[in-house]
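Take a look at the structure set out below.
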Amino acid sequence: MDQEDRLLRAESRRDGDRWLSVIEVAQHLGVQQETVYTWIAQKSMPAHRVGRLWKFNRAEVDAWVRSGQAAATGRRRRKRTKKRS
């Protein structure tokens with residue numbers, strides 16, 4: 001078991017293995033709920049469907065952010081169009 005696995009397990013125990021909601025994970029990461037749904041749709045964010053709800057393990061999400069995948073899945077910028085006069 002490497003150091004990252006030990007850290008993930010320690011974080012899970014500290015959180016009591018409680019699953020986070022979309023609202024809670026958005027607050028934890030400091031992003032909008034819409035961003036969380038975008039990351040889920042791109043199939044890159046570790047999320048689990050429980051009925052109609054999405055649930056997240058904090059340690060999995062933190063590891064995903066540390067791996068740099070959150071930055072790689074950002075929203076595409078719109079091209080600016082010139083205003084017509």
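Worth a mention:
- The single residue among Ala63, Ala71 that is among the small types (Gly, Ala, Ser), assigned to a helix (DSSP H, G or I), loosely packed, with under 13 Cβ neighbours inside 10 Å and modelled with pLDDT under 95 turns out to be Ala71.
- Contact annotation: residue pairs with Cβ atoms under 8 Å, 6 or more positions apart or on different chains, pairing a residue in the range 48-59 that is under 12 Å from Glu24 (Cβ atoms) with a partner that is exposed (fewer than 10 other Cβ atoms within 10 Å of the Cβ), are Lys55/Arg49.
The values are calculated or read from the model by the stated rules, or taken from the named source; none is laboratory data. It should be emphasised that the depicted structure is a prediction, and the values quoted were computed from it without experimental measurement. Heads up, the Cβs are rebuilt from the backbone with ideal geometry, glycines too, and the neighbour counts pull from every protein chain shown.
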